[in-house]
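> Sharing a structure here in structure tokens format.
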Amino acid sequence: MANFLVLGGGTGGIVISHILQKKLKKEHQITLIDRRNEHIYYPSYPLLMIGKREPAAITRKLGRLEKKGIRFLQTDVQEIKTSPSEVITSTGKIPYDYQGSA
């Protein structure tokens, strides 16, 4: 089993996580880390400002990724180490086999 770690819960991090989840076998662990607990779709801000969207329509809780088999951790990344392969966060150390920042 390999641990895949995605740092950042923006559009890029969510897309990468979903692609990994679809392409990899179930025994691999995909974890997304972000300091916020929700994703905001920033391209919709202009529509929000002119009243064509409500805030709830452009935000999603990152915890919903768990339903897709993607682990979500809300924490601050403090340091990325390559030897040993681990990320130091405000809540502890997280080992990884593969890591991407988005």
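Throughout, read-outs are computed from the coordinates displayed, never taken from laboratory work. Please read these numbers as outputs of a predicted model, since none were measured by experiment. Methodologically, a virtual Cβ is constructed for each residue, glycine included, from the backbone with ideal geometry; neighbour enumeration extends over all protein chains shown.
> With N denoting the number of residues in the chain, provide Rg(C-alpha) divided by 2.2 N^0.38 Å, to two decimal places.
Scaled against compact globular proteins, the figure is 1.17.
> Taking trypsin sites (Lys or Arg not before Pro) as candidate sites, keep only those in a DSSP loop with at most 16 other Cβ atoms within 10 Å, then name the longest stretch of the chain containing none of them. Don't jump to the answer; show the numbers that get you there.
Values: sites that count: Lys25, Lys26, Arg35, Arg36, Lys52, Arg53.
With trypsin sites (Lys or Arg not before Pro) excluded where exposed in loops, the chain gives 54-102 as its longest stretch.
> Further question: So what are the ³J(HN,Hα) numbers for the stretch 84-89, from phi and the Karplus equation (6.51, -1.76, 1.60; θ = phi - 60°), rounded to whole Hz, Gly and Pro as x?
Using θ = phi - 60°, the values come out as x, 6, 7, 10, 8, 10 Hz.
> Net charge within 13 Å of Arg36 by Cβ-Cβ distance, Lys/Arg positive one each and Asp/Glu negative one each, not counting Arg36 itself?
0
> Give me the net charge of Leu7's neighbourhood, meaning all other residues with Cβ under 11 Å from the Cβ of Leu7; Lys, Arg count +1, Asp, Glu -1.
Numbers: positive: Arg35; negative: Asp34, Asp76.
Here the charged neighbours net out to -1.
> Expressed as an acute angle from 0 to 90° and rounded to the nearest 10, what is the orientation of the C-alpha long axis of helix 11-23 relative to the principal long axis of the chain?
The two axes meet at around 50 degrees.
> Moving to a separate point now. Is the stretch 31-70 rounded, prolate or oblate when judged by the Cα gyration tensor, a ≥ b ≥ c being the square roots of its eigenvalues, rounded requiring a/c under 1.5 and prolate requiring a/b larger than b/c? Display every interim value, and only then the final one.
On the way: a/c = 3.55, a/b = 2.48, b/c = 1.43.
Prolate.
> Sticking with this structure for a sec: Among the listed pairs Lys23/Lys68; Lys22/Lys93; Lys26/Lys67; Lys22/Lys67; Lys23/Lys81, which have their C-alpha atoms separated by more than 24 angstrom in this model? Numbers along the way, then the final one.
Values: Lys23/Lys68 13 Å; Lys22/Lys93 26 Å; Lys26/Lys67 13 Å; Lys22/Lys67 13 Å; Lys23/Lys81 26 Å.
In this structure, Lys22/Lys93; Lys23/Lys81 lie more than 24 Å apart at Cα.
> Counting pairs of alpha carbon atoms under 8 Å apart in space and at least six apart in sequence, what relative contact order in percent does the chain give? The partial results should precede the final answer.
Numbers: 182 pairs, mean separation 35.5, N = 102.
With pairs under 8 Å counted, the relative contact order is 35 percent.
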